[in-house]
Structure formats: structure tokens, C-alpha cells
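The block underneath contains the structure these notes are about, expressed in C-alpha cells.
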Amino acid sequence: MALSGFRALCISAILPITSLQSGQLLRSLSSSTAATSGESSGAMAVKKVTLSNFCSVLENLRIRIREADFVAVDLEMTGVTSAPWRDSFEFDRSDVRYLKVKDSAEKFAVIQFGLCTFRWDDCQGSFIAQPLNFYIFPRKEPSGEGPTNEFLCQTTSMSFLAKYQFDFNACVHEGISYLSKAQEAEALQKLCSGYENGLLNLSGNFEESAEIPAVRTADVLFTERMKIRFCEWRENVLKYPEDPILEGNHCSFNMDFQMVFFKMRPAIMLNGFTSHRLRLIQLVLRKHFKDLLYLCVSGENCSSQKLVVFTDSEVDRASLMREVKEDKLRSGKVRIRSAVGFRHVIDLLSSEEKLIVGHNCFLVDEFALSVNKVLPHIIDTKHLISCSPVIQLLMKKKKKSLSSAFSLLCPQFSSSSQNSFGRSFVKIDVQSDELGFSSCNSASKHEAGFDAFMTGCVFAQACSHLGIKFEQGTIINLVENNILKSYINILYPSWNSGTVINLRTGAESPVSCYKRKYPNINFTSIAIIWGFSSMLKPKDLEECLCRVFGTASVIYVFFLDRTAALIQFNKSELVNDFLVLKDMLEKDDGPIPVLHPLVNLLAGGNTRAADYNTYRDICSSSASKILFAEQAETIGIRWKTKIRHACEETVELNGIKDSASKERSNDNDSKVQSLQFSFEEMMNSL
């Protein structure tokens, strides 16, 4: 999937769908943008993991990850970006990139997670790969609590998944759900608070003090019958404590009233009653039977059971209520832990601190340091093959997609391998169980488990070409390997930024192996314009502005969509000059002169313009509109021109300087703390 699958891993560790509070991260670590070439012909097994076998797989996975030398991951998601203008552009400042990643993490769901462990087997002289394919579905857990989750689906993404035989039925019906750490903590706090404050409602959904006036004849007759039946049963219990058989004139009561024992006490299980009649029964018990206690407890398969239990004293009644509350507390904790679901896998990857390998990983610097705290060792195979002269020479300027790299570097697995490099390849064997596997044929590419396997294979072969020896008797420690140190925790933040982020320091810096299409971007010199005619082209926009401000006044014109564009002037002051001129022309009572250079830009009276900060503010909105102009209108922008006055600019510049000075004075720990909110927000939002 084109959105960094790896990004989503980090963005969601793991997050609620409707709010990016958990990470609200990790949706953020590896995306396979594999091309259609290089299909795999070899039959291999990728284990399918769903609700039915998740617990057993998880126990085995703990051992696999603990023994692994590295772990490769990949994701499939329901979409990439919610609008064309939310794509990652070279004109996006780091804070804008963060907002766009955040928006994708909030709106789209991870529905498949591929994980493949690679362990060096010294006896066989090969890596043992064990690929897994987790189906994930963000159903509401614990069930019945709070609003249901929501997420967006893009038709192109869903068609892409369907093309490669994605099993949507398995995802929806058997997919593993999850809770973020924030959601888990909230659920536990709510459960414990209810227990400590005695607020656990043992009577189901009805308050003890609720009074229901029996005004209908049917209700009056029903309450009288219930009073008689409970009186008869209570007398039998007192008379025959070992065999309090419920007898009655109506056989239907034998079905509705089932004699049982609950915690060594005589009880009646109520079956087939409506919620209204259950409330009437509670009313009868509270008014007439102090030694009969109504309880709502969990039965088999988490079903709800309604019971009436006989207690022989006030002490016994209090003891029973305490036992039931403690049972509910224990079962509630088990239910919450079970609801954590797939996040156990993310926690496992974090706790074992293994080298995590993804393809086309990228993050933004606002939470890079925090990611490094959770996943301390990350390597991007796309960055590895892009910046290694040795591998670049071998690939001969070929595409750096996962499929291309796999077919070139791993010909032993690919039917379309183009040629070998005259060197021995690292041997990789696939270990599989006997049950629960789907065959990996040509359609299995773009299945997250198989893509994770491809990612790990590319990494192993790349290491070999870099001079890392995998030989019998060799101790494998890739995290500390001197050759890999310059690649570990170095991620490419976006497709066109020309920079990399060091996850250890959070610093973003340019590198020679990535070329920038727009090498000189000064964000204070950029204006945002939207709402103009869709007939205008970039060249038309540039010409009309240059006629006003000079031939070389406009450096770049970048269209966000057909009616919105970013304009970079050659001087920062030209941004304000343009905004003032536009405002002046539109405030005149008469029409804009036909011969004025800006007449086509301002035609129709719907053109808006502002500085770069307004672009950032619009990107921060959670609304989802296809056109940038519609997005601006949705968040309440009605003005035509927003002019930044000189005093505001001075204040902002001073604020930036003060902020930069304070940031330089803080150490990395304090910086991580200041970024923690952003990362936790990402971690809560799968």
C-alpha cells in the first residue's frame, strides 16, 4: 500500500479510529509500493492469523521474536490520503507533513499486518524465515462500550486489494481488534473506579432507585403473579433447603423460571422476559423480599444471565454482593486484556528491541524521537539500496520499488529475476506449520505477510552485498554492525524532501543520494491561493503575477489541485505586497479593470489568498473535502484575503527566535517530552 505501511505501524501502536490519540501512532513504518513486475512463482506458506488462532500464535511469536536476528514488517490500509491536496508535497513544511500523516492515521484503518521473523540457523547456514499475515479489524472493544469505530475507505485502495485477492470476509468477520494504551488505561480506570466506589450495577442496566408505576392492568396482574411465584419458591427454599423445587399451576413458568444454584445458594434463572418485565420483577423483589437478590451476571459465551438468589441473612447478602463484584472486576480485567488484541504484537516488538526492517519507511521529525523510544532500531531497505553505492551499481539505476529490488537481489525466489550478480546469495529457508496457511502464488504479492517476507529477503541480500558475512560459526548482531550503523534509524521523511531524519536526534538533514525538484524553498516567501477558475494553468498563473511584480518575481507555482496553488516569490515581502494588492482591487466598487494582469486570477469573485501559515491551519482541520477550496469553506473561512501586518510578522519572527533559542538550550530528554503528546496522539489512531 502506498501509504507508509511502516508509518502506520508507528502511528498506531495502537490508536482509536475516530481520534488520533493512540497512536493514536503508529500508523507509521513500512509501505510496499511494489510494482507489478517480478511476480513470485515459488509456492511458499504465509500463515493466516485471525481471532480464532491469535492467542496460540502470539505465544509462539514471543519465542520467534526473541530468537530472531531481525524482523520485517509491512501493512495494508484502507486508504492513503483523504484528498489529493493532502498528499505529501515538497512544499510541505515539517509541521504540515505531520498534520497530513496525522490525518491519514485518523481516517484510515490498518486491515492487514505482515510480520516475518528471520533467524540465522548456524547448522544449516541459512536464515529461517517465518512469515505471518495478521488480519485486523477495528471493531469496538470491549464490546458494547461507547460509540463504534469509524474509518474511511478509498475506492482505489480497495480495488487494489481486491485485485490481489484480499480476503475481506476474513478481515471483517475474523479480524483481530485492538486497544491503544490510552484506551486500555481508560477502560481499567473505569472498571476499578466502579468497583472501589461500589458503582458496579449488579442489577444490569437499571438503577436500584428506579420506580416503575404499574398503571397498566397487564403490569398489575404480572407483578401480582410474580409476587405469588417468588413467595411460593421462597417458602419451598425455607422448608426444603436441599431441594427447593419450583412448583406452579402454569407450565410456562417452568420454562421461564429455571431452578439453579449460584455460588452454593438456591437461585432462579429468569428466561425469556422482556426488559420491561425484568424491571417489574426487580420492583417486586425490592418491595416484598429483602432476602431475594436480583443479579445480572455473565454466563457462557459472555451472555447475560438474570438471576434471583436467596440469601439467608444481611451478612450473607453483603458477602454475595462482594463476591459478584470481585468476579466482575476479574472478568472485566480479562476482557480488557483480551480486547488489547493486536497491540500485544506491537508491544512485543518494542520490548524485545529487535532490528525492525521496512521498505519505504518515513516519519516526520515532530515525533521521530518518540518513535525511537518505542522502536529503537529501525532500518529502511529503500534508503539502504538508494544510498549504498555498491547496491546502486548492482541495480544499474533500476526502480527501487520492493518488487524490483526483490527480483534483482533475490532471484532464487523470483521467476522474473533478470540476472545474477555473480556472487553467492544468502540462503533463506521458509519454515511453516502444517495448518492454517494460504499458498503464496503470484497473487500473494501485496499481501502484507508476503511483502514482509520480500522486505526481509531484500535486506539480507543487501547486507551480503555490503560485505556483511553470514557464515557458519558467525555471531549475528546486526544492530551493532559497523557497516549498518550509518543506515539504522535513518528514515526518508517524504518522497520529495531530499532529506533524511535521524531517529536518535530528531534532526532532519539533506543527503546527496536524494534529489530535490525544488532545491530552494523559503516558506516565508510562499502564498496560498485557492478558489480561482479551474481553467487557469500554472503557466497562466505565473505570467499574470510576473506582469505585476516583475519577470523573476515568481520562483515556483505548485498546484495542490485544480483550483488551489502555492506560489513562491523570490522575496518574502512580495507575499504581503500581493495580498495587499488583491485586497485593494477587490474592495473597489467597480469591476476589476479588464486590462489588469490579475483579472483572470480574480475572475468570479471567489479567489482567496493568504500566507503559508493559513495553509498549515487548513491542513490541521479534520474535515475531509476533496477540493482545498471546499475544505477552507468548511472550516469557516469567508474572507477573501488575509493580510499579515508588519507587527504580527515581527511578533511571529521574535517568537520563532525565542522558541529556537529555548529548544537549543534543552537536552534530548526534554525534547522527547515536549513531543510526547504528538506521538501518543499518533499511537492512539490506527
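The values are calculated or read from the model by the stated rules, or taken from the named source; none is laboratory data. Being a predicted model, the structure only gives us computed values, none of them experimental. Counting neighbours? That spans all protein chains shown, and the Cβs are built from the backbone with ideal geometry, glycine included. Ligands, DNA and RNA are excluded from the accessible area calculation, which covers all protein heavy atoms including side chains. Shrake-Rupley method; radii C 1.70, N 1.55, O 1.52, S 1.80 Å.
Points to keep in mind about this one:
- For the residue pairs Lys48/Lys427; Lys400/Lys517; Lys140/Lys181; Lys100/Lys400; Lys445/Lys625; Lys48/Lys445, the C-alpha atoms sit more than 22 angstrom apart in Lys48/Lys427; Lys100/Lys400; Lys445/Lys625.
- Convex hull of the stretch 88-184 built on C-alpha atoms - directionally averaged projected area, nm²: 10.7
- Annotation: per residue accessible area for the stretch 528-575 equals 45 Å², rounded to a whole number [probe 1.4 Å, protein chains only].
- Net length gained if the chain between Tyr514 and Glu90 were fully extended (0.36 nm per residue, minus Cα distance): 151.4 nm
- Highest mean packing comes first when the peptides 529-535, 321-327, 403-409 are listed by Cβ atoms within 10 Å, giving 403-409, 529-535, 321-327.
- Here the gap between Lys485 and Asn606, fully extended at 0.36 nm per residue and compared with their Cα-Cα distance, gives a gain of 38.2 nm.
- Sorting the segments 284-296, 629-641, 111-123 by their mean number of nearby beta carbons within 10 angstrom, highest to lowest, gives 111-123, 284-296, 629-641.
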